[in-house]
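Taken together, the values in this text are just the output of simple stated rules run on the coordinates, not laboratory data. Just so it is clear, the model here is predicted, and its values are computed rather than measured. Here the Cβ positions follow ideal geometry from the backbone for every residue, glycine too, while neighbour counts run over all protein chains shown.
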Amino acid sequence: MSLSFTTLRTAFKAYWIIILGISMLLIIVAAGVLVSTSSDNETLTSQSANYDEDVVVLTSQDDDKEEAAQDSSSQEVVEEEPTSQTTPAPEPSTSGMLSVLTLVNKRIAISPLSYSPSNLTSPDVTKRSGAVIDARAAQSLEEMFAAAKDDGHSLMLSNAFRSYTTQQTLYNNYVARDGQAAADTYSARPGHSEHQTGLAADIIVPSGTCSLEACFGDLPEGKWLAENSYKYGFIIRYTKTNKAEAGYTYEPWHIRYIGVSDATAYHESNASSLESYLGKPAAPDYL
Ligand SMILES: [Zn+2]
């Protein structure tokens with residue numbers, strides 16, 4: 001009787017040891033699952049970060065590639081893990097920004113038409129009230145103005161970014177004044193202005209001499225701009241000879257930021273227009 005009681009007690013103890021053992025095992029397994037899940041999330045996050053970086057690299061090369069890269073990256077992410085679509089972009093400051101090599105002309109409208117850079121900034125230069133520019137071009141503009149000053153030339157920023165609606169008002173006023181055919185030679189239709197990218201700027205002199213006129217190109221300041229702006233990432237977009245490609249009459253005051261390396265390559269290759277430099281069709285007129 002007492003023997004069987006002892007056996008029973010031993011068996012009871014063994015029962016609890018087994019229960020405890022199973023519980024410990026379950027806890028270890030559960031912890032293992034948690035660790036592996038969280039490392040999966042990390043892997044997914046870093047993968048989507050890489051895709052975003054690839055997109056950024058591609059955007060600076062080719063707009064068409066940008067769209068392709070964005071399409072393929074979103075497709076890949078969907079296939080792998082739908083929830084990762086909600087992963088925030090690692091560099092929100094550049095998300096939705098157009099490449100500095102984006103081509104906007106009479107054949108290519110800005111996309112989306114409502115585009116407005118999210119990083120507009122007021123550059124620290126002599127300027128007309130309210131002039132703002134894409135932050136990626138602001139520092140270069142400031143350095144260029146300082147270099148011009150060192151060479152004895154005072155420059156002034158007339159304006160850089162213009163919204164779709166501002167351009168619409170401007171263009172409609174020109175059409176009312178000069179007629180559409182004439183207006184199209186010097187003013188962009190809304191959605192077709194480089195100014196909407198935030199990467200174009202009109203440069204004048206503080207005295208107002210030859211302001212937004214072809215004779216600006218004959219001023220010492222205009223000549224300095226034509227000879228030196230590439231060092232700071234800018235090109236003279238509409239020259240005396242490229243109307244058949246770029247679509248506009250001579251505008252020695254209108255500069256366009258494309259980045260220092262491309263502006264230098266543009267200058268050294270004697271490219272006739274941004275269209276030809278990028279290997280894109282000429283845009284003499286609207287389709
Ligand atoms: Zn302009």
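The figures follow:
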{"item": "Greater than 29 Å apart at Cα, pairs in LYS149/LYS243; LYS127/LYS240; LYS127/LYS280", "result": "LYS149/LYS243; LYS127/LYS280"}
{"item": "Unit Cα scatterers, Debye sum, the range 120-277: log10 I(q)/I(0) for q = 0.11, 0.14, 0.17, 0.20 Å⁻¹", "result": "-0.40, -0.67, -1.02, -1.43"}
{"item": "Residue-count net charge about PRO220 - beta-carbon cut-off 15 Å; Lys, Arg +1, Asp, Glu -1", "result": "-3"}
{"item": "Residues in the range 138-163 reached by a label modelled at SER207 [backbone nitrogen below 17 Å; 7 Å Cα→Cβ]", "result": "149, 151-157"}
{"item": "Sites GLN180 and VAL260, calculated FRET efficiency, Cβ-Cβ separation with R0 41 Å, nearest 0.05", "result": "0.60"}
{"item": "Full-stretch length increase - THR166, ASN119 - with 0.36 nm per residue and alpha-carbon distance subtracted", "result": "15.1 nm"}
{"item": "Net charge dipole size for the range 120-277 [Lys, Arg +1 and Asp, Glu -1 on Cβ; Debye, nearest 20]", "result": "360 debye"}
{"item": "Mean separation of Cα contacts under 8 Å (6+ apart) over length of the range 86-241, as relative contact order %", "result": "25 percent"}
